[in-house]
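*Asks:* Just passing along the structure, written as structure tokens.
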Amino acid sequence: MIMNEINLINSLEKISSHIPSRLLKLQGYLIKDNFKEDLEIIIYKGFSSSTTHSIEIDLEKKVLGYDQIFTSFKLYKAPLKVDEKNFIKESKNSLFFLDRDNWI
């Protein structure tokens with residue numbers, strides 16, 4: 001689903017800032033020069049970071065300079081620890097984690 005990525009990511013960051021015991025991983029792809037590139041963004045304690053691309057931290061700009069499609073949203077207990085099972089739930093619906101109750 002393509003949607004306004006500024007509002008989606010900013011909204012998820014706001015929820016994340018109130019639930020510091022959760023980490024949300026967004027996976028999908030960028031559309032760059034008519035090619036798909038894998039994309040992964042981590043949202044934790046109100047901040048976004050990408051493991052695959054540079055991102056913009058100016059709130060008035062797009063986080064990424066290209067169109068993107070998110071295909072998976074995975075919620076984990078934070079902080080991540082190698083020796084523990086941290087995975088909580090997953091959704092393919094981009095609106096699912098906009099409901100704060102779904103972070104629990």
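*Asks:* For a footprinting-style exposure proxy, rank Arg100, Arg22 by other Cβ within 10 Å, fewest first.
*Replies:* The fewest-first ordering by Cβ neighbours comes to Arg100, Arg22.
*Asks:* Only counting other Cβ atoms within 10 Å, I'd like Ile88, Ile15 sorted with the fewest neighbours first.
*Replies:* Result, fewest neighbours first: Ile88, Ile15.
*Asks:* Would you mind counting up the charge near Ile88? Only other residues with Cβ under 15 Å from its Cβ, with Lys and Arg at +1 and Asp and Glu at -1.
*Replies:* +4
Every number in this text was worked out from the coordinates using simple rules, so none of it is lab data. These figures come from a predicted structure and were not determined experimentally. Neighbour counts run over all protein chains shown; Cβ positions are idealised from the backbone, glycine included.
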